[in-house]
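What follows is calculated from the coordinates using simple rules that are stated; it is not laboratory data. This one's a predicted model, so the numbers in the text were calculated from it and none came from an experiment. Glycine also receives a Cβ, built like all others from the backbone with ideal geometry; neighbour counts cover every protein chain displayed.
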Amino acid sequence: MVWKDSSRGTAENRTHVLKQAVVGFRSDCGPGFLRRVREELFQEVRWAYTVSRLVLLDRLKELLGRERVSDWFQIDQDRVDAFADCTGDHQWIHVNPELAKDGPYGTTIAHGNLTLSLTLWLTTGREVMPVGSKMCLNYGYNKVRFLSPVKVGSRIRSHAVVKQVEDKGEGRILVTTEYTVEVEGEKKSALVAENLSMFLTS
């Protein structure tokens, strides 16, 4: 990947700045210099993070069928309660641990839509985007299936597989991704959903 922003300087200049970060802790370097180095390092990391996810359209199509897996994420009662407050769904199976003890799952469970809403967020940073993307819109879902409950206290992770890439013209690229949510220690997935993301490149 070639740096196109001339304001960021040449590769040699950036290497020099990074080297300065090492020697910058000498006693003859003032706080202003160290602050500038820290800012440059932050920009370097942020740029590398963004560009590493940008791919040409043809390259994006080559990623069809390749799986990306998120880190594990724990579902706690506070998050379930907050989701209940946002949606107004205060059914006891979600928000009342005492009643839920005698329920079908022995504990409270997450709302299915809470789990669904986490699928894209869990894989943030692992997704890929077409070069020139200015923004991405959640275009909807082709299908969603809730297969098994997510008990409060359990950990989940999201598996994402790009299924289709379509050039819709006028700078629009539609990417279809299948998400499967795994529950740690469970054989059955919590859900399977096919999401549509519209990337705008112009």
Could you calculate the contour length gain from Q77 to R172, that is, 0.36 nm times the residue separation minus the distance between their Cα atoms, to one decimal place in nm? 30.3 nm
What ranking do H90, H111 get, fewest neighbouring Cβ atoms within 10 angstrom at the top? H90, H111
Count, lysine Cα pairs under 30 Å in the range 56-200, 8 or more residues apart or across chains: 21
For Cα pairs less than 8 Å apart in space and 6+ apart in sequence, what is the mean separation divided by the residue count of the range 56-200, i.e. the relative contact order in percent? 29 percent
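Just to confirm a number: summing +1 for Lys and Arg and -1 for Asp and Glu over residues other than F83 whose beta-carbon lies under 13 angstrom from that of F83, what do you get?
Here the count lands on -4.
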Cβ-derived FRET efficiency at R0 22 Å, Q91 paired with K143, nearest 0.05: 0.35
With R₀ set to 45 angstrom, the calculated FRET efficiency between the beta-carbons of S202 and A84, to the nearest 0.05, is 0.65
